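Working notes, beginning with the structure itself.
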Amino acid sequence: MPTDQLAQIERLIRISKEHPLLPETFIPWNTAEREEHVFLAEKLVSLSNHPIYSALTTVQKRELARREVVQAMYGYCWSEGLFCLFMTRYILHRAPDDPERRFLLREIVEESRHQEMFADTIENLGRKPVPLTRFHRWLGGVCVKLFPPDFAFLSCLAVEMMADRYGEHLRKEPGIFPVLQKVAQLHNIEEARHILFTKMLLKRYTDTAGFWRSTMYSLVVLLNMWFFQSTYVRAEIYRDIGVQNPARIRRQAFANYQRRFAEECLDSLLEFVNSFNGFNVLTRPLWRWVMKIQA
């Protein structure tokens, strides 16, 4: 590993040790919820701009936002648990003083705190998330256990970069519930270190990736984005807030939500994919079809 990267890793380790952010003290958990508080930027609510949205009551719209931000926290929590499983496997046979091992130990500590923070946030919001399907659980387990390191780190980076942009909307949305705002702020600060490290680590793979390897990397990122979206937009939520024909509405809303998601949450991620020539004659049509973007 180049000397400048080693120095950067040491700096990231030092910051993690000297400036820990503990959810127990950083998040204002006892803040009372008020009617003027919002839970999600309207542009990230799955039914926003759908014809049925204007027919929903204020209570239904508020409940939909609450349920969907709970679903997002659940998705983050589960994804970070999977990545901790992979990191533990990855560092198992590395020397105790190996810089990558030392940083990833810090990341495991922080990601474990994040999982607890998201679980506490879900409890604070008072709603149960819709569980993952058996297919989601199976696919996630296969990926984390069988993916080679470059694919696994790329999957992690994709989710982290997307979550960072999603969290930015939570931090900046006027009237956002303070608990959600501080959760997003803490996550952004610590994920910035994780993203920087993972990008450095991946350079050893992406800098030498040819056409087929870049194609596979692009598909890995695409799969992860579809995976998150499919855990987020759920017919059960529409049913629970009183929407008729929830399965049909879910199908209609999903493509509409994907377009806004691409506009609002994927800009930095798409730039990263483009940096390793991940958009080509094979992948560009798939991104346009699956993710509804203009790649």
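What follows is calculated from the coordinates using simple rules that are stated; it is not laboratory data. Just so it is clear, the model here is predicted, and its values are computed rather than measured. Methodologically, a virtual Cβ is constructed for each residue, glycine included, from the backbone with ideal geometry; neighbour enumeration extends over all protein chains shown.
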Output yes when any residue across the stretch 172-180 is among the charged types (D, E, K, R), in a loop (DSSP other than H, G, I, E, B) and surrounded by 19 or more Cβ atoms within 10 Å (Cβ to Cβ), and no when none is. yes
Out of everything in the stretch 43-69 that is aliphatic (A, V, I, L, M) and in a loop (DSSP other than H, G, I, E, B), what residue ends up being nearest to the chain's Cα centre (by Cα)? Val45
What is the one condition in (1) surrounded by fewer than 16 Cβ atoms within 10 Å (Cβ to Cβ); (2) in contact (Cβ under 8 Å) with a residue 24 or more places away in the chain that Phe135 does not satisfy? (2)
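A quick yes/no check of all residues on (1) touching a residue at least 24 places away in the same chain (Cβ under 8 Å); (2) of a type in the set (Ser, Thr, Tyr); (3) under 28 Å from Arg127 (Cβ atoms):
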{"residue": "Leu222", "(1), (2), (3)": "yes, no, no"}
{"residue": "Trp226", "(1), (2), (3)": "yes, no, yes"}
{"residue": "Gln229", "(1), (2), (3)": "yes, no, yes"}
{"residue": "Pro246", "(1), (2), (3)": "no, no, yes"}
{"residue": "Phe254", "(1), (2), (3)": "yes, no, yes"}
{"residue": "Phe276", "(1), (2), (3)": "yes, no, no"}
{"residue": "Arg284", "(1), (2), (3)": "no, no, no"}
{"residue": "Trp289", "(1), (2), (3)": "no, no, no"}
Does the stretch 205-224 contain at least one residue that is out of contact with any Leu (no Cβ under 8 Å at 6 or more places or on another chain), of a type in the set (Asp, Glu) and more than 28 Å from Arg171 (Cα to Cα)? yes
Could you list all residues from the stretch 19-42 that are of a type in the set (A, V, I, L, M, F, W, C), touching a residue at least 60 places away in the same chain (Cβ under 8 Å) and in a loop (DSSP other than H, G, I, E, B)? Leu21, Leu22, Ile27, Trp29, Phe39, Leu40, Ala41
Give me a count of the residues in the stretch 230-257 that are surrounded by 19 or more Cβ atoms within 10 Å (Cβ to Cβ) and under 19 Å from the mean Cα position of the chain (by Cα). 5
